[in-house]
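Below is one structure, written out as C-alpha cells; the observations come after it.
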Amino acid sequence: MDSQIYGALNLIVFFLTAINVNALQLQTSKSSSTQINSNSVLVALLDSHYTELSELVEKALLLQTLEQAVSHHNITIFAPNNEALERQMDPEFKRFLLEPRNLKSLQNLLLYHIIPSRVGSKEWPGDDVAHHNTLCVDELDNRLLLSHANSGEKIVGGIARVVRPDDVIRPDGLIHGIEMMLVPRSVQEDFNRRRSLSSISAVLPEGAPVVDPITHRLKKPASPVPAGAPPALPVYDAMAPGPSLAPAPAPGPGGPRHHFDGESQVKDFIQTLLHYGGYNELADILVNLTALATEMGKLVSEGYVLTVLAPNDEAMAKLTTDQLSDPGAPEQIMYYHIIPEYQTEESMYNSVRRFGKVRYDTLRLPHKVVAEEADGSVKFGQGEELAYLFDPDIYTDGRISVQGIDGVLFPVETTETPSSKVAPTPAPKAVSKQRKGKLMEVGCTIAGALGHWERDRESFC
C-alpha cells in the first residue's frame, strides 16, 4: 500500500515538473521571438538614408508595434525619400502630423506604408493589379494597390513611383524607395476637419449678459453684437460669484445656437498634455484636485480666450507642503498661470523683443506676470521665482493656448514695513517776530503827523 502511494506521489511530481518545463520553454520562446535581430529590416531602416521616415517612426512610438509585426511575419516598407518629406510635403500638413494630439493620425499614416508580407521585385504583380492589406487597421479602405505604369515602372497606391526597388533587403523584410508620401483617407479627413476648425469655428450670435457687479443680477439683455465679437463682460466679472457664468448652460457646436464647445476644447488640451508627457501633475490638479477644468470650459464656451503657462512635472515636484496646504492654494497658484489673452510663442517673443518687459494680466487679481526676453526665449517672473518658456505651443487651437514652462510662478507680494511709513511733516507756519517798541514807534509817528498838521493849519489861518 505504501509503495502504491509513493509511486502515485512520484507520478504527480513528474507531471508537475513536465508542466513547468513546458511553460518555461514556451515563455522563453515567446520572449526570444519578440527580440529583434541586428540584421532586421527595422534596424536597417533606422540606420538607412531614410532619416526623415525613421524620425517619424520614433516620434509616432511605433517601434514596439513594428517589432511585434516582424516577429510574426515578413514586412514590406514603402519608404518616401527625404526630399518628399522635407520639401514636397505641405508645411501645414506636416505641422498637423507633429502635433501631440494628432499622434493617432501620424501612426495611421506610417502604418499605411507597411505591408505584412514580403513583396519584392520578383513578387511584384505583372500586368495585373494586386491589392495588399496594410498595418493601418483603422483605415476603412485598408488595401494598398500595386501596379505597373505604361512605361514599366512600379506604382504604389496608384500615384507613387518606386524609384529605388529592393533598396534594403533583409531576412525578415525589405524596403522600396518611393517618390512621395501616401496619405490614407482617414488621415486626410482628420486633417481637413482640423484645418476647417469645425469644432471651434462657431460664434456666439448674441453678446454675453450684463451683470450688476454689486447685486450680481442681470440688468437687461445685451444688445446684439457682430458675429465673433468678444464677450461684453470682462473675464473677471464672468468669474465673479453670484449667478452662473451663463444664464443657461452653453450648448456645443451641434446646438441650435452654435456656441463654442469649451468643455470639449479643455478636454482636448488636457489629453494633449497627457500625450505630450511631462505635465501629468498639472493635468491632475486641473481635473482632480480642483474644478478649474470645468471653470475654464465654461469661460471658453462663453467666448473668452485663455493662455495657460503650464509648469512641467519637475517644477511641480519642487512645491512644498506648506505652499499647497492652505485652503484654495492650488486654485490661486493656477489662476496666476492663466492669462485671459490668446498668446503664442511668436506673439510673446515679439512683444518682449519690442517692449523689453511686458506685464500680462492673470486671473489672480490684481497680480500680473512679467515677461522678458532671455537668450532668444521668453522669461517669466521677477526676483528669484523665474521660469523660462520650455515647451512652446504645446496646444494652440485659436481659443486656448498652452505654453510649457520650467518653473512655478508666484506673485511678488508688496508689503510695507512700519519703518517705511514716514509721517508727513507739516508745513512750517510763517510767524513774524515781534519787535520791541513797535507800538511806541507807531504812536510817535501818528503824534508827529498830527503836530505838523496843527502847525500848518495855524499858519494858514
Worksheet item: Residue check, R359 against (1) basic (K, R); (2) outside any strand (DSSP E or B); (3) farther than 19 Å from L286 by Cβ, all met but one. Which one?
Response: (2)
Worksheet item: If you go through the stretch 269-289 one residue at a time, do you hit one that is more than 24 Å from L106 (Cα to Cα) and hydroxyl-bearing (S, T, Y)?
Response: no
Fill in: Matching option when the condition is open to solvent by less than 60 Å² (accessible area, probe 1.4 Å), modelled with pLDDT under 90 and either under 16 Å from the mean Cα position of the chain (by Cα) or polar (S, T, N, Q) (or both), among G262, G228, G255
G262
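Look through D127, D166, D138 and report the one residue that is acidic (D, E) and either at pLDDT 90 or above or not in a loop (DSSP other than H, G, I, E, B) (or both).
Result: D166 is the single residue among D127, D166, D138 that is acidic (D, E) and either at pLDDT 90 or above or not in a loop (DSSP other than H, G, I, E, B) (or both).
Taking the condition closer than 24 Å to P100 by Cβ, open to solvent by 10 Å² or more (accessible area, probe 1.4 Å), outside any loop (DSSP other than H, G, I, E, B) and in contact with a strand residue (DSSP E or B) (Cβ under 6 Å, 6 or more places away or on another chain), does L309 pass?
No; evaluated as a whole, the condition is false for this residue.
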Practice prompt. Keeping to the stretch 346-391, report how many residues are among the aromatic types (F, W, Y) and either at positive phi or open to solvent by less than 50 Å² (accessible area, probe 1.4 Å) (or both).
Written response: 2
Worksheet entry | From the options L409, L389, L365, residue that is of a type in the set (A, V, I, L, M, F, W, C), in a loop (DSSP other than H, G, I, E, B) and modelled with pLDDT of 90 or more | L409
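The values are calculated or read from the model by the stated rules, or taken from the named source; none is laboratory data. Treat the numbers as computed from the prediction; the structure is a model and nothing was measured. Here Cβ is always computed from backbone atoms with ideal geometry, including for glycine, and neighbour counts include all displayed protein chains. Note: areas computed on protein heavy atoms with side chains; ligands, DNA, RNA excluded. Shrake-Rupley method; radii C 1.70, N 1.55, O 1.52, S 1.80 Å.
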